[in-house]
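Trainee: Take a look at this one; I'll ask things after.
Every number in this text was worked out from the coordinates using simple rules, so none of it is lab data. This is a predicted model, so every value here is computed, not measured. Using ideal geometry, Cβ is built from the backbone for each residue, glycine included, and neighbour counts are taken over all protein chains shown.
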Amino acid sequence: MRIAILGCGWLGFPLAKKCMEAGYHVKGSTTSPEKEKVFTAAGIHPYLIRLQEDKIDGAMDRFLKDVDVLLVDIPPKLRGIHPENFVKKTKQLLPAVENSSVKKLLFISSTSVFRDDNTVITEKTTPDPETESGKQLLASERLLRSSSRFRTTILRFAGLIGPNRHPAHHLAGKKELKNPDAPVNLIHLDDCISIILEILQQEKWGETYHAAFPFHPTRKEYYTEKAGEFGLPVPEFTNTPVKGKTISSEKLSEELRYAFRTRI
């Protein structure tokens with residue numbers, strides 16, 4: 001199988017290496033010229049591609065040539081000095097994929113497409129995002145799903161943790177943090193990669209899956225414990241009404257028979 005990963009970053013790069021170990025031929029895109037040599041050294045065929053709101057910079061046609069599966073892992077850039085409209089970028093991507101050999105697409109989305117309404121969220125729950133990021137991700141999901149030229153599977157991850165990435169560092173020592181009793185929804189990079197490989201190997205297309213480690217302590221419990229584990233100042237919480245959600249991964253576990261491997 002020939003796979004193209006659009007967005008070989010924190011998740012996409014180690015995923016590409018695992019895909020090659022599994023026997024797949026892998027192309028990877030980056031927006032950084034200095035990463036081309038890194039990709040080549042790892043055996044990944046590198047392509048410089050940048051999705052813009054009104055065009056695509058780079059050889060997208062060559063990137064998608066003879067590709068069976070496209071994996072899209074590009075986070076919305078809605079903050080900073082130059083925020084970008086993710087939906088417009090997805091609209092640029094759609095015809096490029098439709099005019100290629102790609103027949104299967106895996107879109108990495110987020111559980112931010114659901115509001116914090118203190119319920120258990122499953123794949124049957126109707127998305128109702130509160131944040132701009134969630135709104136644009138949901139609109140992009142629907143755009144890709146609207147095409148009859150390829151089959152799209154949506155994979156919605158909870159908060160991502162892994163090497164050099166854990167919210168405990170950001171919260172360390174902070175005071176008067178709100179929402180102490182809200183449930184935590186996180187997933188480790190290793191499980192993210194393993195789940196994607198299962199979807200590829202089991203040919204689970206046209207599906208939607210939620211992925212969060214099935215352990216949901218309160219924010220206060222979890223980040224107090226992690227502060228001690230990491231040797232960080234303990235964050236202090238103030239009592240406020242609960243505002244959160246619990247992401248269920250039962251469908252993923254049942255249909256893919258997936259067992260989570262790395263504790264959060």
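Trainee: Once a ≥ b ≥ c are taken as the square roots of the eigenvalues of the Cα gyration tensor of the range 82-158, is the result rounded (a/c under 1.5), prolate (a/b larger than b/c) or oblate (a/b not larger than b/c)?
Mentor: The shape class here is oblate.
Trainee: What list of ³J(HN,Hα) values in whole Hz, one per residue of the range 57-71 in order, does the Karplus curve 6.51 cos²θ - 1.76 cosθ + 1.60 (θ = phi - 60°) give from phi, with Gly and Pro shown as x?
Mentor: Karplus values, whole Hz, x for Gly and Pro: 8, x, 8, 4, 5, 6, 4, 8, 4, 6, 8, 8, 10, 10, 10.
Trainee: Then there's this: Going down the list Lys18/Lys220; Lys91/Lys251; Lys77/Lys104; Lys35/Lys245; Lys18/Lys77, which pairs span over 32 Å between their C-alpha atoms?
Mentor: Lys18/Lys220; Lys35/Lys245
Trainee: How much length would be gained if the chain were fully extended between Lys243 and Asp117, taking 0.36 nm per residue of separation minus their Cα-Cα distance, in nm to one decimal?
Mentor: Gain on extension, Lys243 to Asp117, equals 44.7 nm.
Trainee: Evaluated at 10 °C with a viscosity of 1.306 mPa s, what Stokes-Einstein diffusion coefficient in µm²/s does the range 144-218 have when Rh comes from the Kirkwood expression over alpha-carbon pairs?
Mentor: After rounding, the answer is 108 µm²/s.
Trainee: Can you pull the Rg over Rh of the chain, Cα-only, Kirkwood?
Mentor: Dividing the radius of gyration by the Kirkwood radius yields 0.97.
Trainee: While we're looking at this one, here's another question. If you find the alpha carbon centre of the range 180-249 and of the range 6-81, how far apart are they in angstrom?
Mentor: Taking the Cα centre of each part, the range 180-249 and the range 6-81 sit 26 Å apart.
Trainee: Please list the non-local residues whose amide H lies under 5 Å from the amide H of Thr152, H modeled 1.01 Å from N, same-chain partners needing a gap of 5 or more.
Mentor: The answer is Leu105, Gly206.
Trainee: Additional query: Along the charge dipole of the range 84-135, which of Phe86, Thr111, Thr122 sits closest to the positive end, that is, farthest toward it, with unit charges on the beta carbon of Lys, Arg, Asp and Glu (+1, +1, -1, -1)?
Mentor: Of the listed residues, the answer is Phe86.
Trainee: Please compute the modelled spin-label separation between Asn99 and Thr125, points set 7 Å along Cα→Cβ, answer in nm with one decimal.
Mentor: 4.0
Trainee: Applying the Karplus parametrisation 6.51 cos²θ - 1.76 cosθ + 1.60 with θ = phi - 60° to the phi angles of the range 86-99, what ³J(HN,Hα) value in whole Hz is obtained for each residue in order, glycine and proline being reported as x?
Mentor: Ordered by residue, 3J(HN,Hα) equals 5, 5, 4, 5, 5, 5, 6, 5, 3, x, 5, 6, 4, 8 Hz.
Trainee: I need the phi-derived Karplus couplings for the range 221-227: 6.51 cos²θ - 1.76 cosθ + 1.60, θ = phi - 60°, integer Hz, Gly and Pro marked x.
Mentor: 4, 5, 6, 5, 5, 5, 4
Trainee: Tell me the mean residue ellipticity at 222 nm calculated for the chain from its helices only (DSSP H runs of n ≥ 4, each -39500 (n - 2.57), averaged over every residue, nearest 500).
Mentor: -9500 deg cm²/dmol
Trainee: In nanometres, what is the gap between the two model label sites at Thr31 and Leu232, each 7 Å from Cα along Cα-to-Cβ?
Mentor: 2.6
Trainee: Related question: Mean separation of Cα pairs under 8 Å and 6+ residues apart, divided by the residue count of the chain: what relative contact order is that in percent?
Mentor: 17
Trainee: Which FRET efficiency value, to the nearest 0.05, do you get for Ala22 and Arg50 by plugging their Cβ-Cβ distance into 1/(1 + (r/R0)^6) with R0 = 30 Å?
Mentor: It comes to 0.60.
Trainee: Among 168-179, 244-255, how do they line up by average Cβ neighbours within 10 Å per residue, starting with the highest?
Mentor: Per-residue Cβ counts within 10 Å, averaged per peptide and sorted highest first, yield 244-255, 168-179.
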